[in-house]
1. May I ask for log10 I(q)/I(0) of the stretch 1-117 at q = 0.14 Å⁻¹, from a Debye sum over the Cα atoms as equal point scatterers with solvent left out?
2. Quote the convex hull volume per residue of the stretch 235-282, based on C-alpha atoms, as a whole number of Å³.
3. In Å, what is the Rg of the alpha-carbon atoms in the stretch 27-74, and how long is Dmax?
4. Neighbouring Cβ atoms within 10 Å as the yardstick, rank Met156, Met24 fewest first.
5. Please order Thr136, Thr245 by the number of other Cβ within 10 Å, starting at the fewest.
6. Is there a quick way to get the dipole size of the chain? I mean about its Cα centre, with the Cβ of Lys and Arg at +1 and of Asp and Glu at -1; what is the value in debye to the nearest 20?
7. Whole number please: convex hull volume per residue, Cα atoms of the stretch 60-168, in Å³.
8. So in the chain, what percent of DSSP beta bridges are antiparallel if you round to the nearest 5?
Amino acid sequence: AKNKGRNNYQFFNQKLESQAERYMLIQHGLHRALKLKEFYIHYQPKFALDSSLIVGAEALLRWRSPTLEDITPAEFIPIAEETGYIVDIGCWVIEQVCQTLAAWKATGINLVPIAVNISPIQFHRGNIKKALLKSTINHRLDPSLLQIELTEGVVMSGQQKTVQQLQELKDLRFSISIDDFGTGYSSLSYLRELPIDELKIDRSFIMEISDESSFNNPHLTAIPCAVIDLAKNLGLNLVAEGVETEIQSRFLMQKGCNVIQGYLFSAPVDKDRMWELLKEYS
Ligand code: C2E
Ligand code: CA
Ligand code: CA
Ligand code: CA
């Protein structure tokens, strides 16, 4: 028994060590990734069920790291936030998206607003307004083509300064979306006071809709339906995230949510493929 305990301890220790090592590798890698041009962006369309048109897209960051294979944003974004690199990375994403929009515009296709994810760190620390203005002016783009996705936690914090910051962006005609809505337990009455344009129903609620019998199961439908009603009554746009099946899209259509984002219509794709999709569906 004594030996076994010791082996477990060693195993535990090794695991901790390799976790710390990986953290260090990511941190070092991130430090150089911008300069070495290892980041790139994928786009995922938002698709309207009634018109069968693309009405927007979300920019999602990808990292081609020579040492860390298949590393996902879920793993590296939190480390970029802890180290503060996320501010520079976020500015880079905004600039890339504007460059891409300008290139698409030159080809004469119909443009749709592109959403960028803004980390709370960047929203509070970096000068997000300046970065957005710089890139949109540089590329002669209408600010309404850029959408800012902020998570519920940031937007609903109740701080006067946050509302003011959002209002400034809105006055410049950037559009504002609340990401992962329904997961943050925020005070709903507060939503009325915010200058926002869109709510995104979190994927976790959509995932639970698995078959027709889910449609009438209040345990599964209560939250998505409440969010749909809320958005309608407040005059906000609505998007359901992570829609993977016909059943889920049928559910959403029936309950009154018209715009979906998810693998059912398209996974995130590179910018050339996104251009082709836009050419066909906008
Ligand atoms: P998010 O903003 O909630 O983005 C949606 C995530 O869901 C994306 O994961 C997307 O690829 C994935 N997804 C879309 N449709 C489906 C579907 O039908 N099924 C499933 N299972 N997943 C789907 P991704 O690209 O791995 O990004 C993860 C998170 O990383 C994002 O969650 C966002 O919080 C963060 N992130 C990504 N890019 C950026 C960025 O440029 N800046 C910042 N600050 N965060 C980013
Ligand atoms: Ca998002
Ligand atoms: Ca989301
Ligand atoms: Ca999320």
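1. After summing over all Cα pairs, the log10 values are -0.72.
2. Working: hull volume 4.3 nm³, N = 48.
Per residue, the Cα convex hull of the stretch 235-282 comes to 89 Å³.
3. Expressed in Å, the Cα Rg and Dmax of the stretch 27-74 come to 15.1, 47.
4. Exposure proxy ranking, most exposed first: Met24, Met156.
5. On the way: Thr136 24, Thr245 16.
In order of increasing Cβ crowding within 10 Å: Thr245, Thr136.
6. It comes to approximately 800 debye.
7. On the way: hull volume 13.2 nm³, N = 109.
Cα-based convex hull of the stretch 60-168, divided per residue, equals 121 Å³.
8. 40 percent
None of the figures in this text is laboratory data; all of them are computed from the coordinates on show. It should be emphasised that the depicted structure is a prediction, and the values quoted were computed from it without experimental measurement. Positions of Cβ are backbone-derived with ideal geometry, glycine not excepted, and every protein chain shown enters the neighbour counts.
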